[in-house]
Structure formats: C-alpha cells, structure tokens
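See below for the structure under consideration.
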Amino acid sequence: MKYIYGILPLFILAILLFSSKSLAQNGKKDEVRLSPKAEIKQQVGLTDVQILYGRPGVKGRTIWGKLVPYDAVWRAGANEATKITFSTDVTIEGKKLKKGSYSFFTIPGKKEWTLIFNKVADQWGAFEYNESQDALRIKVKTEKGSWQEWLAYTITKVSDNSAVIRLEWEKLKIPFKVDVK
C-alpha cells in the first residue's frame, strides 16, 4: 500500500504533464483564413497547369479601383502571391514562357490589365515584387461577368492544345489564352 501511495503522485504528475503538453499542441485553435487557399489543376495537351491562390470575398466592399487599386501591382489573390505552374513550355497570348513555377501578378486598369509572370514563385503578397524578375508581361482586355463573391480561377479547354484561364471576381473576368505543343 505504501508503494502505491509513493507511485500514485508520480503517476498523476506524468498524466498532468502529458495532458498539458497535449493541450498545448492541440488546444490552440487553428485559425480560419478569411481568404481560404484554393487550387485548380488542368491538363492541356501534355501540359499540366496548376494555380495556387487565396480566395478573398467581396464582402460588400468596392473591389476595383478601391480595395484593388488601378495602375498598381496586385498579387491576383489574397495572402501569398498567386502561383502558377506549367509542366512544359507554353505560349501565352502569343508570347513564349518557359516551363516552371511563377508568381502571378496583375496591374489592373479600367479596361485593360497587365498580367505578370514573375520568376520568384514563392512570395508573400506583392511586398517584395521586383520587376527585374519578370519572365513575361502581357496586356489583356477585361470581360464583364456574372456575380462572383469569392475570387476564382477557371481553366476552360478550347482545343487539344489550348485553354483559356480566367481570373473571376465581383463582376469582372480577366482571360488569357495558353497554347501548348
């Protein structure tokens, strides 16, 4: 009996230490991202296209020209810069781009946008964006769209060797054509 009383406090202490360590690891709630992460993948010809991005919501805000200013570099999503990967060389709106991963930025305008594929694939926002690292810049016209509360990217296959990628948010679509071999 004396033995049990001597071991019992050690046993309780061990349980408490284990429990508190477990609570410290699991008791912290994972934070819900206000702009959840999303991913879209599509095979076009023999090319795998992948886009990783954060999905901000409109949430009653004025988006274009206010939350996302005109004539300034934007990360084309939320949180981390949007990342786009092509498994083979591609042609975007008639201009060649080598296979690889790129951060995807835009410079929004009222009618025309500049799309930027930057060689520094993993960036937070556009805070460290460096134009000298751009692999490709193209200009595209915007399209009017139906209401889209959460930013989304879509990939629509046009043919066996091409697709149109669209950034869609609020009532705006920003399309660009990708051709593969």
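The values are calculated or read from the model by the stated rules, or taken from the named source; none is laboratory data. This structure is a prediction, so every number in the text was calculated from the model and none was measured. Please note: Cβ atoms are built from the backbone with ideal geometry, for glycine as well, and neighbour counts cover all protein chains shown.
Only residues that are over 30 Å from residue 89 (Cα atoms) and either among the polar types (S, T, N, Q) or modelled with pLDDT under 95 (or both): list them for segment 29-77, please. Across segment 29-77, the qualifying residues are 29, 30, 31, 32, 33, 34, 35, 62.
Using the structure shown, decide if residue 137 is crowded, with 16+ Cβ neighbours inside 10 Å, without any contact (Cβ under 8 Å) to a residue 24 or more places away in the chain and not polar (S, T, N, Q).
For residue 137, the condition - crowded, with 16+ Cβ neighbours inside 10 Å, without any contact (Cβ under 8 Å) to a residue 24 or more places away in the chain and not polar (S, T, N, Q) - is not met.
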